[in-house]
Amino acid sequence: MTITRRSFLSASAGLAAMPVLRATAAPLPREADIVVIGAGAAGIAAARRIMAANRRVVVVEAGSQIGGRCITDTATFDTPFDRGARWMHNPDTNPMIRLARSAGLDVLPAPSGQKMRIGRRNARAGETEEFLAALVRANRAIDEAARGKLDTACASVLPKDLGDWAGAAEFMLGASFAGKDLKELSAIDKARAQDRNAAIACRQGLGTLITKLGEQVPVALSTPASRIVWSNRDVSVETQAGRIAARAAIITVSTNVLTSGAIKFGPDIPKRTLDAASKLTLGSYDHIVLQMPGNPLGLARDDILIEQSNSTRTALMFANIGGSSLCSIDVGGSFGRDLSQQGEKAMTAFAKEWITKLFGSEVAAAVQKVSATRWNASPFVMGAMSAASPGGQLSRKILTEPIGNMFLAGEATHETLWGTVDGAWESGERAADAALRKIGALKDEPADVPTQSTKKRRAPRQQGSN
């Protein structure tokens, strides 16, 4: 019997060698109507919206490929797999699914359930029902707490009688769903997460999709923004390849990057914004991918499996991905973070230990090749998905507030679809609309005409190339 799955964004990435998808040979433009920082889902969505309004846009991306937290690895194994985000959601309303089909990519429903393992056997029907009941009670307790006046930690309101199912329930609702343990997760943020049961996969990979959707977008890769000078009239974005003068900027970097100081601002961005971002730090979620020819685990294509665990030192398996020999062992939360810090060797050792515990010692010998993501070590992302700390849910709305002519986007700015590619895409379109209104590019707003003093503040055109 399978378990009804509340799907999640399994965000993780790594520093594995992958081909550069696009290099920028032309000189970096010195002027644009709007400059976008980051070529992930939010940045590409914003840029496409701006281009549709016939305005000049430039996207600067610190990494060597388009995608952000959506990276499809086609080099490590003989089949593509997503190192980061894996699912899309809400097929009736999600524009990305329509765009994927239009781009000639294959989209298909993700697995509809999960299998439960108890030691070296599958859970019986009655045991599965017990776990489902435990999940329902835990979710109900969190939802009830979210209706209170004070935002509390999810862990503080869990029923005390979850018994043998406590570890698995906490893993599924916390580390697996948000990349954080329930003691670090806001009950309101968890409760407000829009239902994500109808998960959709892209057979060629979500990273492939984002790259495809960004093909016509002017992106400067390997070009991190180092400093942004801003006002209520214009912005200037400084990079190693030169400076871009623009009327507005859309910033899609993660909350961890925003608070790290990697990008300097002049003047400093408001303390209110930084405080909000600090309450929406990224959780930890990684994939440990094992190549296991011959299906030694005896699982079906795209099977998802969890275990009855007495702690959150556990994992989720996505087996035989797309009918291939790849099995992903996903780890998250504080355990996943600690494991990732120890490096790929420790991650591989845990994955082999975990499958041995569930399927016997002989299966570890079937592993031929391994690749582990380490999203937390990626300098241009620094984690997986955002998750509000207790008391921090209102911070998401704060991040949507304009900062002069700058606008923030990314999954952390979405109040209900946080932690998803869908939320990132929607946030990019929202920020693009706000920026276009600010510069008078939408018909319902007057043009923001630069004054002479504004023109003087703008960066001079410079020579140089990227």
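The values are calculated or read from the model by the stated rules, or taken from the named source; none is laboratory data. Values in this document were obtained by computation on a predicted structure and should not be read as measured data. Neighbour counts run over all protein chains shown; Cβ positions are idealised from the backbone, glycine included.
Please specify each residue of segment 72-115 satisfying the condition of being of a type in the set (Phe, Trp, Tyr) and more than 19 Å from residue 214 (Cα to Cα).
77, 81, listed by residue number.
Can you spot a residue in segment 283-294 that is of a type in the set (Ser, Thr, Tyr) and part of a strand (DSSP E or B)?
yes
Which ones in segment 266-298 are closer than 12 Å to residue 412 by Cβ and of a type in the set (Ser, Thr, Tyr)?
Listed by number, the residues that qualify are 273, 278, 281.
If I ask for residues that are of a type in the set (Phe, Trp, Tyr) and crowded, with 24+ Cβ neighbours inside 10 Å, which ones from segment 147-179 would you list?
171, 177 - these are the residues of segment 147-179 that are of a type in the set (Phe, Trp, Tyr) and crowded, with 24+ Cβ neighbours inside 10 Å.
Tell me which residues, restricted to segment 231-274, are closer than 22 Å to residue 218 by Cα, of a type in the set (A, V, I, L, M, F, W, C) and assigned to a strand (DSSP E or B).
The answer is 235, 237, 244, 245, 246, 248, 249, 250, 251.
Go through (1) surrounded by fewer than 21 Cβ atoms within 10 Å (Cβ to Cβ); (2) in contact with a Leu (Cβ under 9 Å, 6 or more places away or on another chain); (3) modelled with pLDDT under 50 one by one and return the number of the condition residue 77 breaks.
(3)
Mind listing whichever residues of segment 430-447 are surrounded by fewer than 19 Cβ atoms within 10 Å (Cβ to Cβ), touching a residue at least 12 places away in the same chain (Cβ under 8 Å) and charged (D, E, K, R)?
433
Could you list, in sequence order, all residues of segment 133-172 that are part of a helix (DSSP H, G or I) and in contact with a Ser or Thr (Cβ under 7 Å, 6 or more places away or on another chain)?
145, 167, 168, 170, 171
Going through segment 408-439 one residue at a time, which ones are in a loop (DSSP other than H, G, I, E, B), in contact with a helix residue (DSSP H, G or I) (Cβ under 7 Å, 6 or more places away or on another chain) and not polar (S, T, N, Q)?
409, 410, 414, 415, 417, 418, 419
How many of the residues in segment 282-341 are among the β-branched types (Val, Ile, Thr) and free of Cβ contacts under 8 Å to residues at least 60 places away in the same chain?
Count: 1.
If you scan segment 173-185, which residues turn out to be in a helix (DSSP H, G or I), of a type in the set (Gly, Ala, Ser) and either farther than 18 Å from residue 308 by Cα or free of Cβ contacts under 8 Å to residues at least 60 places away in the same chain (or both)?
178
Failed condition for residue 210, given (1) over 16 Å from the mean Cα position of the chain (by Cα); (2) outside any loop (DSSP other than H, G, I, E, B), with all others met?
It fails just one condition, (1).
Only residues that are buried (at least 23 other Cβ atoms within 10 Å of the Cβ) and within 25 Å of residue 74 (Cα to Cα): list them for segment 180-207, please.
Answer for segment 180-207, where residues must be buried (at least 23 other Cβ atoms within 10 Å of the Cβ) and within 25 Å of residue 74 (Cα to Cα): 202, 205, 206, 207.
Which ones in segment 368-416 are crowded, with 22+ Cβ neighbours inside 10 Å, within 15 Å of the chain's Cα centre (by Cα) and aliphatic (A, V, I, L, M)?
Within segment 368-416, 381, 384, 385, 387, 388, 409, 412 meet the criteria.
Please work out if residue 445 is at pLDDT 95 or above and acidic (Asp, Glu).
Considered against the rule, which asks whether it is at pLDDT 95 or above and acidic (Asp, Glu), residue 445 comes out as no.
Restricting to segment 325-336, count the residues that are of a type in the set (Gly, Ala, Ser) and assigned to a strand (DSSP E or B).
2
Matching residues to (1) under 23 Å from residue 284 (Cα atoms); (2) in contact with a strand residue (DSSP E or B) (Cβ under 8 Å, 6 or more places away or on another chain):
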{"position": "200", "(1), (2)": "yes, yes"}
{"position": "205", "(1), (2)": "yes, yes"}
{"position": "244", "(1), (2)": "no, yes"}
{"position": "249", "(1), (2)": "no, yes"}
{"position": "257", "(1), (2)": "yes, no"}
{"position": "260", "(1), (2)": "yes, no"}
{"position": "270", "(1), (2)": "no, yes"}
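Taking the stated definitions as given, is residue 322 of a type outside the set (A, V, I, L, M, F, W, C), at pLDDT below 95 and part of a helix (DSSP H, G or I)?
yes
Is it fair to say residue 147 is in contact with a helix residue (DSSP H, G or I) (Cβ under 9 Å, 6 or more places away or on another chain) and closer than 26 Å to residue 92 by Cα?
no
Return yes when residue 227 is more than 20 Å from the chain's Cα centre (by Cα) and in a helix (DSSP H, G or I) and no when it is not.
It is false that residue 227 is more than 20 Å from the chain's Cα centre (by Cα) and in a helix (DSSP H, G or I).
Quick check on segment 269-301: of everything there that is surrounded by 18 or more Cβ atoms within 10 Å (Cβ to Cβ) and among the charged types (D, E, K, R), which residue is nearest to residue 85 (Cα to Cα)?
286
What is the residue count in segment 93-132 for residues that are assigned to a helix (DSSP H, G or I) and either in contact with a Cys (Cβ under 8 Å, 6 or more places away or on another chain) or of a type in the set (A, V, I, L, M, F, W, C) (or both)?
Counting residues in segment 93-132 that are assigned to a helix (DSSP H, G or I) and either in contact with a Cys (Cβ under 8 Å, 6 or more places away or on another chain) or of a type in the set (A, V, I, L, M, F, W, C) (or both) gives 7.
Which residue pairs have Cβ atoms under 9 Å apart, sit 6 or more places apart or on different chains, and have a first residue in segment 228-242 that is closer than 10 Å to residue 35 by Cβ and a second that is at pLDDT below 95 and surrounded by fewer than 18 Cβ atoms within 10 Å (Cβ to Cβ)?
236/457
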